[in-house]
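See structure below.
Please treat every number below as a calculation from the coordinates, not as lab data. These numbers were taken from a predicted model, which means no experiment stands behind them. Because the Cβ atoms are built from the backbone with ideal geometry, glycine has one as well, and the counts that use them run over all protein chains shown.
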Amino acid sequence: MQTLFRGKHFITLREWTREEIDTILDVSCELKRSFAMGVPTPLLPYQTVFLMFFEQSTRTRNSMEAGITQLGGHAHYLDTSTMQISHGETPKDTAIILSRFGHAIACRNCFWKTGNAYLREMAQWSRVPIINMQDDLYHPLQAIADLMTMREKRGKDLRRLKVSIIWAFATSHKKPISVPLSQALLFPRYGMDVTLAHPKGWELPDWVLEEARKNAEQTGGTFRVIHDQDEAYRDADVVFPKNWGSWVTNESTDVVDSALEANRAWKCTREKMHLASPECLYMHALPADRGNEVEDAVIDGPNSVVFDEAENRLHTAKAVMALTMGGRG
Ligand code: CP
């Protein structure tokens, strides 16, 4: 088991070995147990994490804020529109300054083709860990909470679990591809049989598919891409029906267009869930576009574990901070 993570950036799980990810999961479970028992865990007393948000958030912001408080530290919530960033201050200068003031910089920047680059630029100059709270490509805090939830529900050995990441119709906003992309890369590393299903036009980048296949080969799992929604649900053990934007094929920021409208039928319904295994878990990063992505009867039904999944955002966020913060440089 690896233990020395002080100062390590948490930008994508691709840069964390399986052993290191397992350590985060072990620490998450330990922190969850302590939280349940009311046992204080002041692992980061007087430490500061800066939370820079270019976009809205409920789970990520509050799991990080509550999490650092429970670890004995403090978070500064930073709406970037009120920072000098809005007058052109660079990621380099922002990272140098904030890293002199505190112990970690967390950032959400989902702008297509610039979000991850922004975090990478900060990482180059920061003396403290950069924690990715979602960018245009990755959402590692979500993917690790999903993994923790599957292990809680289906056991630590997830090999050959049939998991389907399924595109779903939504009109709320043009969402990043970072959730399905992170899941597609991570789950095959645990030997799962992963299906990625979407209508044509909602592809993930080719390099992601190649890497997901390679990850599956190394663990005895499988990875496939299909365009048949029913096939994705058939006999699945876990489904993640969720919308993502058509960024790879269409960089327009328009939310609704005729291509999207033509795919209204990509929706998680009771009928679709009946195709899956009877014990199939319904999971979703949230927020869900109720009525479009999913029927209330499913998200509020017996197969849904979305609130346990959301709760695990707290425990995993605390583990990531507890392991990476604490040093300066
Ligand atoms: N799943 C997720 O990241 O939720 P928020 O956008 O509310 O942070």
Subject >> From His274, His284, residue being crowded, with 24+ Cβ neighbours inside 10 Å and over 30 Å from Arg6 (Cβ atoms) >> reply: His284
Original post:
Is at least one residue of region 84-93 closer than 29 Å to Phe35 by Cβ, among the acidic types (Asp, Glu) and either more than 16 Å from the ligand (Cβ to nearest atom) or surrounded by fewer than 19 Cβ atoms within 10 Å (Cβ to Cβ) (or both)?
Top reply: no
Original post:
Within the bounds of region 127-147, is there any residue that is surrounded by fewer than 24 Cβ atoms within 10 Å (Cβ to Cβ) and part of a helix (DSSP H, G or I)?
Top reply: no
Original post:
How many of the residues in region 94-108 are buried (at least 24 other Cβ atoms within 10 Å of the Cβ) and more than 15 Å from Ala75 (Cβ to Cβ)?
Top reply: 2
Original post:
What residue, among those in region 31-77 that are among the small types (Gly, Ala, Ser) and touching a strand residue (DSSP E or B) at 6+ places or on another chain (Cβ under 7 Å), is farthest from the ligand (Cβ to nearest atom)?
Top reply: Gly73
**OP:** Find all pairs meeting these conditions: Cβ atoms under 6 angstrom apart; at least six residues apart or on different chains; first residue within region 155-175 and on the phi < 0 side of the Ramachandran plot; second residue in a loop (DSSP other than H, G, I, E, B) and among the small types (Gly, Ala, Ser).
**Re:** Arg159/Gly191; Lys162/Ala236; Ser164/Ala236; Lys174/Gly245; Lys175/Gly245
**OP:** Restrict the check to region 245-261 and report whether at least one residue is surrounded by 21 or more Cβ atoms within 10 Å (Cβ to Cβ), more than 30 Å from Ser99 (Cα to Cα), within 19 Å of the chain's Cα centre (by Cα) and within 15 Å of the ligand (Cβ to nearest atom).
**Re:** yes
Original post:
If only one of Lys153, Lys175 is within 25 Å of Met64 (Cβ to Cβ), within 16 Å of the ligand (Cβ to nearest atom) and of a type outside the set (Ser, Thr, Tyr), which one is it?
Top reply: Lys175
Subject >> Any hit, region 304-326, residues being loosely packed, with under 14 Cβ neighbours inside 10 Å and not in a helix (DSSP H, G or I) >> reply: no
Original post:
Out of region 192-226, which residues are closer than 12 Å to Ile165 by Cα and in contact with a Lys or Arg (Cβ under 6 Å, 6 or more places away or on another chain)?
Top reply: Asp193, Thr195, Phe223
